[in-house]
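Report on the following structure.
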Amino acid sequence: MTAPDEAGHHGAHATCPFCPGNESSLAAILEEEPQDVPPGWRIRVVPNIYPLVSGDPVARHASRGHLSIEARGCHEVVIESPRHDADLTDLGDDHIAAVVAVYQRRYRAMTARLGRGAVVVFRNRGERAGASLRHPHSQVVGLAVTPPRLRAMARWGAGRYRASGQCPTCAELAREREAAARIIEETESFVALVPFAATGPYETWLVPKRHMASFGAAEPHELAALASLLVRSLRRLSSLLGPVPYNFVIESASGRLTDAPYLHWRLRIVPKLAIAAGFELGSGFVVNPSLPEADAEALRDATPRRRPDP
């Protein structure tokens, strides 16, 4: 919470660029979701004033045997609420559904603009997770090149598909649903689970049951179902662990792979509970101090409560 002498109406902060009344701090307003009550909007999309990437062309440079590529693309911020003191889990279900729909619109717009590369939708909550501003927001980054992680996932998926003739995520999802030990919640359209090889305690995946390589292919009813499951998953974490810092990211095929039969998009929630140390750095192994089955059971038993309005 901001201090009383710093905060204005509905928790607006005098120096926060995302708060109502501070529009002069914004480079532009790219999209706005209106509402009938002041300040007249509930979601905004703005350019990041400190972008990771910018510009459209990609230039490659070689120097003394090393190849570098200019960081080209676009970087936007989704301001999820006018309230500086809110969190995503404080918002109403219809508001969260609107936020997720904005994610998809910006994802589609960047995919169409870039034509290739990748689009990454993500949220950092808390300083330990990389958030530099308290005001509730997410980010969308469009890259003119495919990042190494997504390229490796595509190669792995293509190899598994050639061997089995089946999407590897669809096959894994069927096994997880049958075993049920790592399932947190299952709805008509999605499964929430702790993955077998979780990178840390309480890592949670939200996976669509329908095969889709691209987040952009989700139908409106699937986006609404994702929003509902996402907020319940975050509230479970909060109920179990308190105000834990976390990252979530939508891992999706982009560019020329949006119809790939071997890729399947998902939303990953990764709480920042464990710290990678020297062994992880030197070995490349991930050390997870908890069992995914125990984490899934704890999350199943946690009540997804909404925080009372301030």
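The values are calculated or read from the model by the stated rules, or taken from the named source; none is laboratory data. Source: prediction; values computed, not measured. Cβ placement follows ideal geometry from the backbone for every residue including glycine, while neighbour counts extend to all protein chains displayed.
Of note:
- Residues located in the stretch 215-237, provided they are surrounded by fewer than 22 Cβ atoms within 10 Å (Cβ to Cβ) and over 25 Å from Asp295 (Cα atoms): Gly216, Ala217, Glu219, Pro220, His221, Glu222, Leu223, Ala224
Conditions tested, residue by residue: (1) surrounded by fewer than 19 Cβ atoms within 10 Å (Cβ to Cβ); (2) farther than 26 Å from Glu222 by Cα.
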position: Ser239; (1), (2): yes, no
position: Trp265; (1), (2): no, no
position: Ile269; (1), (2): no, no
position: Leu273; (1), (2): yes, yes
position: Leu281; (1), (2): yes, yes
position: Val287; (1), (2): yes, yes
position: Leu299; (1), (2): no, no
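- Candidate set: the stretch 106-120, residues that are among the charged types (D, E, K, R) and loosely packed, with under 15 Cβ neighbours inside 10 Å; chosen: the one nearest to Val145 (Cα to Cα): Arg116
- Residue in the stretch 227-241 that is of a type in the set (Val, Ile, Thr), at pLDDT 95 or above and in contact with a strand residue (DSSP E or B) (Cβ under 6 Å, 6 or more places away or on another chain) present: no
- Taking first residues from the stretch 192-214 that are without any contact (Cβ under 8 Å) to a residue 24 or more places away in the chain and partners that are surrounded by fewer than 22 Cβ atoms within 10 Å (Cβ to Cβ) and among the polar types (S, T, N, Q), no Cβ contact under 6 Å between residues at least 6 apart in sequence or on separate chains turns up.
- Of the residues making up the stretch 135-155, those that are part of a helix (DSSP H, G or I), hydrophobic (A, V, I, L, M, F, W, C) and out of contact with any helix residue (DSSP H, G or I) (no Cβ under 8 Å at 6 or more places or on another chain) number 3.
- Set side by side, the residues Ala224, Ala260, Ala276, Ala296 differ, and just one is touching a residue at least 12 places away in the same chain (Cβ under 8 Å), in a loop (DSSP other than H, G, I, E, B) and small (Gly, Ala, Ser), which is Ala260.
- Single unsatisfied condition, Ser132 versus (1) modelled with pLDDT of 95 or more; (2) of a type in the set (S, T, N, Q); (3) outside any helix (DSSP H, G or I): (1)
- Put simply, of Arg125, Arg160, Arg149 the only residue that is over 17 Å from Arg268 (Cα atoms) and charged (D, E, K, R) is Arg160.
- Selection count, the stretch 196-238, where residues are over 30 Å from Ala277 (Cα atoms) and among the acidic types (Asp, Glu): 2
- Any hit, the stretch 158-174, residues being of a type in the set (Ser, Thr, Tyr) and surrounded by fewer than 19 Cβ atoms within 10 Å (Cβ to Cβ): yes
- Check on Val45, under 30 Å from Leu273 (Cβ atoms) and either hydrophobic (A, V, I, L, M, F, W, C) or free of Cβ contacts under 8 Å to residues at least 40 places away in the same chain (or both): no
- Residue-level analysis places Ile79 among those that are among the aliphatic types (A, V, I, L, M) and over 22 Å from Gly255 (Cβ atoms).
- Options Arg108, Arg116: the member that is part of a loop (DSSP other than H, G, I, E, B), outside the structural domain of Arg232 (by TED's automatic domain parsing) and within 25 Å of Met212 (Cβ to Cβ): Arg116
- Which listed residue, of Leu237, Leu230, Leu241, is assigned by TED's automatic domain parsing to the domain that holds Ser164, without any contact (Cβ under 8 Å) to a residue 60 or more places away in the chain and under 18 Å from Ala129 (Cβ atoms): Leu241
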